[in-house]
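Before any comments, here is the structure.
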Amino acid sequence: MVSRTLIAIILVPVSIIIVWVGFPWFTIFTTLLSVICAYELVKMAQSWGDDPVIPLALVISVGLTFSVPIIQESSTYNRALPPVIAVFSIISLLWLISRGNRRETCSKYVVSIAAGMFIGGCLSHVLLLRSISQGFEWTLFVMMVTFSMDTGALLVGKTIGNKPFAITISPSKTWEGAIAGFLIAIAISIAAVHILSLNLPFWHTFILGALIGIIGQVGDLSESKLKRIAGIKDSGKLLAGHGGLMDRLDSIIFNVIVVYYLVI
């Protein structure tokens, strides 16, 4: 718990500073996240029996991460690209879960493309969100609400949780923790809109917080399912006490997509 707390104390301020500084440093930072997450995902695929081409997955992930925002800005006719990429990213995730569940090996190139598409497609929306009007505030909003939701759900689940929420996917998750995370997401969403001076009506804020409270936990469960299929506890060992990078970003990358499309 001590190492987990220390890592959080260091990473949260550093992340906020990089988001505030903006481009090009934020692009470099997000691209680095893309590389690490894609690597962790293909290692999971190896654990459940597939043989992905790691360089191919990394190239696709990085390429999508920084190229989608650039392509969109180059022409108004390209604004349909991000939602198409978002849809294919979710399809890729569902396909990976399906492949792992069947424990049947598949073409190493198809698995590599799916892994790169999922990570790169999702993380490209981080750059898209940062590039809009009040992009810093909206990106910070997602971070505040998601991290508060995760922390609240974890603490409540560990202290008073006794009713399993998704025992076949993540036995440690409880209904008490899930409900607490949902309510905290709504409360922090309302508070964050005022703190960050975001122009959003109360009921829109309430609905946005509710969606974050649901979608963020769906993202968490999705990654937990991938880990369970792979037979591992954490996606990696990069962050002491936290596991891998995907363990920390599984909720927020889903929420970034939701917030981006609702805001625009």
Counting other beta carbons within 10 Å of each Cβ, put Cys106, Cys122 in order, fewest first.
Cys106, Cys122
Please report how far the C-alpha centroid of region 81-99 lies from that of region 207-223, rounded to the nearest whole angstrom.
17
Net charge (Lys, Arg +1; Asp, Glu -1) of residues whose beta-carbon lies under 13 Å from that of Val263, Val263 excluded, is 0
Order of 249-259, 23-33 by packing, highest average Cβ count within 10 Å first?
249-259, 23-33
Using the per-residue mean of other Cβ atoms lying within 10 Å as a proxy for protection, in what order, highest first, do the peptides 90-97, 163-170, 217-224 fall?
217-224, 90-97, 163-170
By count of other Cβ within 10 Å, fewest leading, how are His204, His194, His125 ordered?
His194, His204, His125
Per the Kirkwood definition applied to all pairs of different Cα atoms, how many angstroms is the hydrodynamic radius of the chain?
18.7
Spatially near lysine pairs across region 2-263, Cα under 25 Å, sequence gap of 8 or more or different chains:
26
Can you pull the one-decimal nm distance between simple spin-label points at Trp25 and Gln134, each 7 Å off the Cα toward Cβ?
2.4
What is the distance, in nm, between label points placed 7 Å from the Cα along the Cα-to-Cβ direction at Ile195 and at Ile90?
2.9
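Throughout, read-outs are computed from the coordinates displayed, never taken from laboratory work. A quick note: this is a predicted structure, and the numbers were derived from the prediction, not measured. Cβ: placed from backbone, ideal geometry, glycine included. Neighbour counts: every protein chain shown.
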